[in-house]
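The structure appears right after this line, and notes come after that.
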């Protein structure tokens, strides 16, 4: 008797940071599919205003959360994916990098459009239980706000351990200094 085909879904995002909105989608997908491929986009981008966390830090946030929730490690796989600056090649890169998957889930309209265009994978929008933006979470981290409303406690602990607030403040200061230097050079 042939082996049952594993149902896989690619959940694509930057996860800057991995917040409760991402977690709620991931939990739903783990219930529905045999395996969830957590594709960390822009894996080559870090220490910028939009991408303050490294791919390793983002991976650690996902793993810490899933471990805390006692989700078996074979139910999800984290896959880093760098940006390459070419939409068609990027889609091919996702398909070539990941184990075979049938469905793509992403809150990014551009990612949805790119996969709908190729018509090889089913595209679904994530069911968002929480309306959280990573931008708002990064701002809350910088401002020292209570992060528990945005992040699982495992992520909060991880961010405290790595000094995330200080990192974000330093990144902003560097960006402002660079902008000031550029303006004065003109």
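Figures for the structure shown
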read-out	value
Answer residue from the range 72-87, given it is farther than 20 Å from residue 55 by Cβ and in contact with a helix residue (DSSP H, G or I) (Cβ under 8 Å, 6 or more places away or on another chain) and is surrounded by the fewest Cβ atoms within 10 Å (Cβ to Cβ) among those	87
The lone exception for residue 28 - which of (1) out of contact with any helix residue (DSSP H, G or I) (no Cβ under 6 Å at 6 or more places or on another chain); (2) crowded, with 19+ Cβ neighbours inside 10 Å it fails	(2)
Condition broken by residue 55, with the remaining ones in (1) over 18 Å from residue 125 (Cβ atoms); (2) in contact with a helix residue (DSSP H, G or I) (Cβ under 9 Å, 6 or more places away or on another chain); (3) in contact (Cβ under 8 Å) with a residue 12 or more places away in the chain satisfied	(2)
Odd one out for residue 153 among (1) surrounded by fewer than 17 Cβ atoms within 10 Å (Cβ to Cβ); (2) in contact with a strand residue (DSSP E or B) (Cβ under 9 Å, 6 or more places away or on another chain); (3) in contact (Cβ under 8 Å) with a residue 40 or more places away in the chain	(2)
Check on residue 132, touching a helix residue (DSSP H, G or I) at 6+ places or on another chain (Cβ under 6 Å), in a loop (DSSP other than H, G, I, E, B) and under 16 Å from residue 26 (Cβ atoms)	yes
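Each reported figure results from applying straightforward, stated rules to the coordinates on display, with no laboratory input. For clarity, every value in this text was computed on a predicted model and none was experimentally measured. When we count neighbours, we look across all protein chains shown, and the Cβ atoms used for this are built from the backbone with ideal geometry, even at glycine.
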